[in-house]
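Q: Have a look at this one before I ask anything.
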Amino acid sequence: MKNTHHDIAPALARALRAARRVVVFTGAGVSAESGIATFRDALTGLWSRFDAQALATPEAFREHPDIVWGWYEWRRAQVLRAAPNAAHHAIAALAHHVPELAVITQNVDDLHERAGSQDVTHLHGSLHAPRCSRCAAPQAFASPTPDEPDAGRRIAPPLCAACGAPVRPGVVWFGESLPAQAWRDATLAAQQCDLLFSIGTSSLVYPAAELPRLALAGGAKIVQVNPAATPLDALAHHNLRGAAADVMPRVLAAAFSAGMAPPASGQGEDS
Ligand code: OAD
């Protein structure tokens, strides 16, 4: 990938400069360059004998709480060791260039916040906010910084201080509803925006994957950043093929770097 912004389509740079309301919608791929495995890659190594889709369910937690809690502790340790990458930083910087920016993520890490993004909407919860599986009381971790549990290690979840039931990760599992307020905020932002970036998501998991379609129905431009094809390709106005940490800084440079506007005849890499 060339380290230049000249292959960002001038039409995209113009649309971003003109946009008043921008939505950045992210998935696991935005954290890939921070060393965090994407959801579908997360069960490598010793975790590979498990099926992510089966493990991220209330049923799995009921039947094997120690496997599920061990998996989430392993992921939490990975996130705590990681740092935001250039994509998270570019997204945080974007807030200083556009009148309104809403950052909506499916990720359960906190790397957007650590890069400086404010009021991030988490559609699928957080690795860092455990709660009681019965009474829903917020809980503290036994160890705020887990010492890198081995992949594949079972760890019994702590018990709720109030009612004694097992503590569960504060994430949304398959078959569960999204947090109502977060979903309301997200749909409203998507319906009202002028431009939506869909970054590092496979666009396969609903209802989250509905957001770009809502934005499109409201007349917004859709910009997708992903090294691989997704079902959103056919709908997006711009498909930027590449790693988010490489592409997003170039998008910002193309739109906002003074005196660095891409040449009018520049060839876009996107479609
Ligand atoms: P996925 O793991 O399904 O998809 C990750 C996407 O990131 C893929 O499309 C990759 O091509 C892309 N990708 C990989 N490396 C990238 C990079 N460096 N830059 C940009 N993109 C890259 O993750 P999500 O789409 O986030 O939900 O998955 C959505 C939801 O499915 C997750 O939140 C999780 C899972 O089920 C729950 O746990 C409820």
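Q: Apply 1/(1 + (r/R0)^6) to the Cβ-Cβ distance of residue 129 and residue 14, taking R0 = 35 Å, and write down the FRET efficiency to the nearest 0.05.
A: In this case the efficiency is close to 0.30.
Q: Place a label point 7 angstrom from the Cα of residue 163 along the Cα-to-Cβ direction, then list the residues of the range 98-128 whose backbone nitrogen is under 14 Å away.
A: none
Q: Let me ask something additional. With unit charges on the beta carbons (Lys and Arg positive, Asp and Glu negative) and the dipole taken about the Cα centre of the chain, which residue among 226, 170, 238 sits farthest to the positive side?
A: 238
Q: A follow-up question, please. With both bridge residues required to lie in the range 9-146, what share of the DSSP beta bridges run antiparallel, to the nearest 5%?
A: 10
Q: Given R₀ = 41 Å, FRET efficiency for residue 140-residue 51 by Cβ-Cβ distance, to 0.05?
A: With a Förster radius of 41 Å, E is 0.85.
Q: P(r) tail for the chain, what percent of Cα pairs lie past 35 Å?
A: The answer is 20 percent, as a whole percent.
Q: Only four residue types carry charge here, +1 at the Cβ of Lys and Arg and -1 at the Cβ of Asp and Glu. Report the dipole size of the range 83-215 about the Cα centre in Debye, rounded to the nearest 20.
A: The calculation lands at about 460 debye.
Q: Nearest 5 percent is fine: what portion of the DSSP beta bridges confined to the chain is antiparallel?
A: Roughly 20 percent of the DSSP beta bridges within the chain come out antiparallel.
Q: Another question, then. Of the listed peptides 241-251, 130-140, what is their order by residue-averaged count of other C-beta atoms within 10 Å, with the highest listed first?
A: 241-251, 130-140
Q: Roll a 1.4 Å probe over the protein chains and send me the accessible area per residue for the chain in Å².
A: It amounts to 45 Å² per residue over the chain.
Q: For the residue pair residue 83 and residue 62, what label-to-label distance in nm results when each label sits 7 Å from Cα along the Cα-to-beta-carbon direction?
A: Label at residue 83, label at residue 62, 4.4 nm between them.
The values are calculated or read from the model by the stated rules, or taken from the named source; none is laboratory data. It should be emphasised that the depicted structure is a prediction, and the values quoted were computed from it without experimental measurement. So basically every Cβ, Gly included, is an ideal-geometry build from the backbone, and we count neighbours across all protein chains shown. What goes into the accessible areas is simple: the full protein's heavy atoms, side chains included, and nothing from ligands, DNA or RNA. Shrake-Rupley method; radii C 1.70, N 1.55, O 1.52, S 1.80 Å.
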